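J.: Right, I'll just put the structure down here and ask away after.
The values are calculated or read from the model by the stated rules, or taken from the named source; none is laboratory data. Keep in mind the model is a prediction, meaning the values are calculated, not measured. Note: ideal-geometry Cβ built from the backbone for every residue, glycine included; neighbour counts use all protein chains shown.
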Amino acid sequence: MKAWILEGQAKIEERPLRIVDDYPTPMPMDDQIRIKIMATGICRTDLHIAEGDLPLHKRPLILGHEIAGVVDEVGDDVTTFKVGDRAGLTWLYKACGSCRYCITGQENYCPHIMRTGWDVDGGFAEYVVAHEAYALPLNGVPLGFDDLAPLMCPGVAAYLAFELASLKPGDKMGIVGFGPTAYYLVKIAEGLGIDVYVSTRSKGHREIAEMIGATWVGNILQEGPPSPLDSIIWFPPVGEALEKALKALAPAGILVLAQIASTPITIMDYGSIWGKTIKTVYNVKRSTSRAMVELAKKVDMSIEKRIFRFEELQDAMMMSKRGEMEELVGVLRIG
């Protein structure tokens, strides 16, 4: 099959990925399905692996973990998928199923977790195999593959952050920083009756947030929200500003840290943040992903995207690194 492979890490400008036409086409084992990939979203994590910010776990490696496609072959023991079904695959490729985290529904903390496009080959190729129990059934979701692909990463990550925020209808949710995950958060909140207060300095992002239903758009860090918030989901890698977000929370409020990295977190006035909770996102889990897919059957989860041809992957990754892409997400169209 045709695939982009990574054999050695280097800055993306040095083009460490290369296309091969004869990479072995994977065959599904008894509990696996094979997905003919139609689209794969392009994530910053792919860039971090390619450039060496994250260690290389497999060589050669096919990156990509925002996968949407069609089942074209099933293993002998598969019962929930059939050939022709639409299916997706997320960052969570497999967990052990027997550790204390897995048996309590917290498989995202499994010490033996396997991640798509890092520990095993991912979606920048024509085919991928997935364990039946970890693939997502996508029949019934009224989206094309170009929209289903990013739903598999920023979409499910948004739902994980939303779950950590412990919100209920009528609550007020703040979002600091705006990108694809924040976009999906506004969509989730809109679908579940929760008011959203978006803080971003970008004029373009303010316009998008208002267009998709944010109750208020401004700059929480400068002007503060119009009323205390029940939860805030935070994206900027700026730890020294977190104290302002904590002060904007109502008593018993929750601050969810959704950023990948952060400068040192400093709190100067501890007494002013008593009674507030800080949580962090960590991987994803199946229950979260499935909940997002079910919501996407009822709420429009299409997203502003830029489509790239298969041969344009490294150019797309360079554009993402340089901040040159005006759209919220980039998607590699494969099928």
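J.: Return a yes/no flag: does the stretch 282-301 have any residue that is assigned to a strand (DSSP E or B), surrounded by 15 or more Cβ atoms within 10 Å (Cβ to Cβ) and of a type in the set (D, E, K, R).
T.: Start the filter on the stretch 282-301 by keeping residues that are assigned to a strand (DSSP E or B), which leaves none.
The answer is no, given that none of the residues of the stretch 282-301 is assigned to a strand (DSSP E or B), surrounded by 15 or more Cβ atoms within 10 Å (Cβ to Cβ) and of a type in the set (D, E, K, R).
J.: With the checklist (1) buried (at least 20 other Cβ atoms within 10 Å of the Cβ); (2) modelled with pLDDT under 95; (3) not hydroxyl-bearing (Ser, Thr, Tyr) in hand, flag the one item His65 doesn't pass.
T.: (2)
J.: Would you be able to tell me the number of residues in the stretch 111-156 that are among the charged types (D, E, K, R), outside any loop (DSSP other than H, G, I, E, B) and under 24 Å from Pro55 (Cβ atoms)?
T.: Adding up the residues that qualify gives 1.
Per-residue answers, yes or no, for (1) over 28 Å from His48 (Cβ atoms); (2) modelled with pLDDT of 95 or more; (3) outside the structural domain of Thr40 (by TED's automatic domain parsing):
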{"position": "Ala165", "(1), (2), (3)": "no, yes, yes"}
{"position": "Tyr184", "(1), (2), (3)": "no, yes, yes"}
{"position": "Gly191", "(1), (2), (3)": "yes, no, yes"}
{"position": "Glu240", "(1), (2), (3)": "no, no, yes"}
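J.: Search the stretch 93-105 for residues that are outside the structural domain of Glu163 (by TED's automatic domain parsing) and pair each with any residue that is among the basic types (Lys, Arg) when their beta-carbon atoms are under 6 Å apart and the residues are at least 6 apart or on different chains.
T.: Here the result reads Tyr93/Arg115, each pair linking the stretch 93-105 to a residue that is among the basic types (Lys, Arg).
J.: Of the conditions (1) more than 15 Å from Cys43 (Cβ to Cβ); (2) surrounded by fewer than 15 Cβ atoms within 10 Å (Cβ to Cβ), Ile260 satisfies every one except a single condition; which number is it?
T.: So Ile260 meets the others, but not (1).
J.: Another question about this same structure. Could you please give the count of residues in the stretch 123-160 that are surrounded by 24 or more Cβ atoms within 10 Å (Cβ to Cβ) and either among the β-branched types (Val, Ile, Thr) or out of contact with any Ser or Thr (no Cβ under 7 Å at 6 or more places or on another chain) (or both)?
T.: Total satisfying the criteria: 9.
J.: Look through the stretch 227-237, keep the residues that are out of contact with any Asp or Glu (no Cβ under 8 Å at 6 or more places or on another chain) and crowded, with 16+ Cβ neighbours inside 10 Å, and return whichever of them is modelled with the lowest pLDDT. Write out each step before concluding.
T.: Looking only at the stretch 227-237, we keep the residues that are out of contact with any Asp or Glu (no Cβ under 8 Å at 6 or more places or on another chain), and these are 227-229, 232-237.
Narrowing the set further to residues that are crowded, with 16+ Cβ neighbours inside 10 Å leaves 229, 232-236.
Values: Leu229: 96, Ile232: 97, Ile233: 98, Trp234: 96, Phe235: 95, Pro236: 92.
Step by step, filter the stretch 227-237, then rank; the result is Pro236.
Conditions tested, residue by residue: (1) in contact with a helix residue (DSSP H, G or I) (Cβ under 6 Å, 6 or more places away or on another chain); (2) surrounded by 14 or more Cβ atoms within 10 Å (Cβ to Cβ).
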position	(1), (2)
Trp4	yes, yes
Glu7	no, no
Arg18	no, no
Asp22	no, no
Pro26	no, yes
Ile37	no, yes
Thr40	yes, yes
Cys43	yes, yes
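J.: Also, I was wondering about something else. Considering only the stretch 86-105, I want to know if a residue exists there that is surrounded by fewer than 17 Cβ atoms within 10 Å (Cβ to Cβ) and either under 29 Å from Pro180 (Cα atoms) or of a type in the set (Asp, Glu) (or both). Can you show your working first?
T.: First pass over the stretch 86-105, keeping only residues surrounded by fewer than 17 Cβ atoms within 10 Å (Cβ to Cβ): 96-100, 103-105.
Okay, now just the ones that are also either under 29 Å from Pro180 (Cα atoms) or of a type in the set (Asp, Glu) (or both), so 105.
Within the stretch 86-105, one or more residues are surrounded by fewer than 17 Cβ atoms within 10 Å (Cβ to Cβ) and either under 29 Å from Pro180 (Cα atoms) or of a type in the set (Asp, Glu) (or both).
J.: Check the stretch 255-276 and report whether any residue there is in the same structural domain as Lys168 (by TED's automatic domain parsing), of a type in the set (Lys, Arg) and in contact with a strand residue (DSSP E or B) (Cβ under 6 Å, 6 or more places away or on another chain).
T.: As a first pass, look at the stretch 255-276 and keep what is in the same structural domain as Lys168 (by TED's automatic domain parsing): 255-276.
Now narrow it down to the ones that are of a type in the set (Lys, Arg): 276.
This time we only want the ones that are in contact with a strand residue (DSSP E or B) (Cβ under 6 Å, 6 or more places away or on another chain), so: 276.
Yes.
J.: Follow-up question, since we're still on this one. Just the residues that are surrounded by 20 or more Cβ atoms within 10 Å (Cβ to Cβ), touching a residue at least 60 places away in the same chain (Cβ under 8 Å) and over 23 Å from Met38 (Cβ atoms), please, taken from the stretch 106-117.
T.: Correct list: Glu107, Asn108, Ile113.
J.: When the stretch 41-83 is examined, which residues are found to be under 21 Å from Leu332 (Cα atoms), of a type in the set (Gly, Ala, Ser) and in a loop (DSSP other than H, G, I, E, B)? Reasoning before the result, please.
T.: Here is the first cut: in the stretch 41-83, the residues under 21 Å from Leu332 (Cα atoms) are 41-51, 60-72.
Those left that are additionally of a type in the set (Gly, Ala, Ser): 41, 50, 64, 68-69.
Result: Gly64, single match.
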